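Everything below concerns the one structure shown next.
Since every read-out is calculated from the coordinates, none of them should be taken as a lab result. Just so it is clear, the structure is predicted and the values come from calculations on it, not from any experiment. Heads up, the Cβs are rebuilt from the backbone with ideal geometry, glycines too, and the neighbour counts pull from every protein chain shown.
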């Protein structure tokens, strides 16, 4: 068995003074950096499939990289890249799949439909997983990274025919291990914390991976990892502060003369009835701006900025939708959509940004660079959050849904100038609240579980959101939500 850091004889990295290899001569070359976790993925795949003689390793010194690499090989000027059949391909997750499909050797992705589907889900989540881990280093790393490691622990319990993420070793393990390896080392050495403590499946997974030479031969000196992380990621001050008390009042509420809420759960303005298959269309493209809603998020933004007179609400009965909607309004035949300035736009996350940018009223996205960056990151994660929550309903929902709620609890600790995700109420809160609202109801009614228990920031967040009329006026009957989820998902 290979030991930590065991290596085959490896070529030295090429530098700015190195000549290029004879490019595009029919040789397949894998360009890597020995210290790059992304490149390590493809390196492991090559090794496991026994392709050492078929795919030549060409290491690059990233601190002193040769100019010919960008000019003649890969204009992106990053690693990994693969020179094969007269072309150069990049992106590590694409490359591990490419090597698996296009070269001989043991297949590294299952054909079993359930495993294949779960494998794709895990691979699609890996970027979020790694981002969460790196973000954790800016605050209370042990606490903030916990949901990510719990996610892996839960995923490792999906199949019982082996210790790996899909039971047997696969591309999914290859996608995750370079980053888990690094954080395992850094947490142990720098933070004096064992990420496998209380996570027996994660411990067994790492133990079994360390028996695979194809992986251990790609590992670098642990001290090099520690030094790199200390230099690049662990010099920054702790950005996580204490939140304001639940009595903090959003400035929009103050501006409207409301320091407390008069809205209660489910309070609604008078809404027009949904249009059905027998309804005539409105006078389309007559200069009126129309919003065909579905999810709460798209309605909140215009209501918050009092755009009810500027954007007309046109509800559609999705069970009996009018044919003209698809034919004349929105060929995608789904909601929400927005008719504005002679065109129709769709996709809820795009629409809340569009309404915020193109209509008057209080801006719902901050100008502060740090908040803007974190806000974009949270919005990019919302689809993953929702998928994780719906997936949890197929198993032990309370346990499997916990990492997603912990993710929100940790995110709410990022800024200390208010109770919302970016301190003040923003598009980020609007993106998450419609789904959180539904799962809070379902978990309470069906599973008898309070998702805010032990999560004080989450409890404060939902309390403050429920003081905003623009949101509470969009809520539907809780029993209707419960009945619908029981019918569709439970």
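Relative contact order for the chain: 15 percent, from Cα pairs under 8 Å spaced at least 6 residues apart, divided by residue count.
Subtracting the Cα-Cα distance of residue 56 and residue 308 from 0.36 nm times their residue separation leaves 84.4 nm of extension gain.
Exposure proxy for 471, 330: other Cβ atoms within 10 Å of each Cβ, ordered fewest to most, give 330, 471.
The angle between the Cα long axis of helix 222-232 and the longest principal axis of the Cα atoms of the chain comes to about 40 degrees, rounded to the nearest 10. Between the helical axis of 37-48 and the longest alpha-carbon principal axis of the chain there is an angle of about 60 degrees.
The separation of the stretch 472-488 from the stretch 325-342, counted between C-alpha centres, amounts to 25 Å.
Taking a ≥ b ≥ c as the square roots of the eigenvalues of the alpha-carbon gyration tensor, the stretch 1-108 is classed oblate because a/c is 1.5 or more while a/b is no larger than b/c. Calculated [222 nm] ellipticity per residue, helices only, for the chain: -13500 deg cm²/dmol; basis is -39500 (n - 2.57) per DSSP H run with n ≥ 4, divided by all residues, nearest 500.
Sorting the segments 424-430, 54-60, 473-479 by their mean number of nearby beta carbons within 10 angstrom, highest to lowest, gives 424-430, 54-60, 473-479. Taking the empirical scaling 2.2 N^0.38 Å for compact globular proteins as reference, the chain has a Cα radius of gyration ratio of 1.11. Modelled spin labels at residue 334 and residue 127, positioned 7 Å past Cα toward Cβ, are 1.9 nm from each other.
Measuring r between the beta carbons of residue 324 and residue 417 and using R0 = 41 Å, the FRET efficiency lands at 0.30. All C-alpha pair distances within the stretch 39-90, sorted into 5 Å bins from zero, spread as 5, 18, 29, 25, 16, 7, 1 percent across the bins.
Entry note, the stretch 369-488: relative contact order of 22 percent, from Cα contacts under 8 Å with a spacing of 6+ residues. Restricting attention to the chain, close to 65% of DSSP beta bridges with both partner residues there are antiparallel. Working value for the stretch 83-153: equivalent-ellipsoid semi-axes of 30, 18, 8 Å, each the square root of 5 times a Cα gyration tensor eigenvalue, largest first.
Here, the stretch 113-232 is characterised by an Rg to Rh ratio of 0.95, where Rg is the alpha-carbon radius of gyration and Rh the Kirkwood radius. Spin-label model, residue 106/residue 91: points 7 Å from Cα along the beta carbon direction are separated by 2.8 nm.
Take every pair of alpha-carbon atoms less than 8 Å apart whose residues are at least six positions apart; their mean separation over the length of the stretch 113-232 yields a relative contact order of 21 percent.
At a Förster distance of 35 Å, what's the computed FRET efficiency of residue 288 paired with residue 382, Cβ-Cβ distance as r, to 0.05? It comes to 0.70.
Would you kindly give the portion of the calculated P(r) for the stretch 45-179 that falls above 17 Å, as a percent of all Cα pairs?
66
Within the stretch 359-419, the proportion of Cα pairs with more than 20 Å between them is 41 percent. Annotation for residue 17 and residue 394: the two label points, set 7 Å from Cα along the Cα-Cβ direction, are 5.6 nm apart. The ranking of 45, 278 by Cβ neighbour count inside 10 Å, starting from the fewest, reads 278, 45.
Taken over the stretch 402-479, the percentage of Cα pairs per 5 Å bin, counting from 0 up to the bin with the maximum distance, is 3, 14, 28, 27, 18, 8, 2, 0. At q = 0.24 Å⁻¹ the log10 of I(q)/I(0) for the stretch 162-232 amounts to -1.17, computed by Debye summation with a single uniform scatterer per C-alpha, solvent ignored. R0 = 30 Å: FRET efficiency of residue 489 with residue 114, Cβ-based, nearest 0.05? For residue 489 and residue 114, the calculated efficiency is 0.95.
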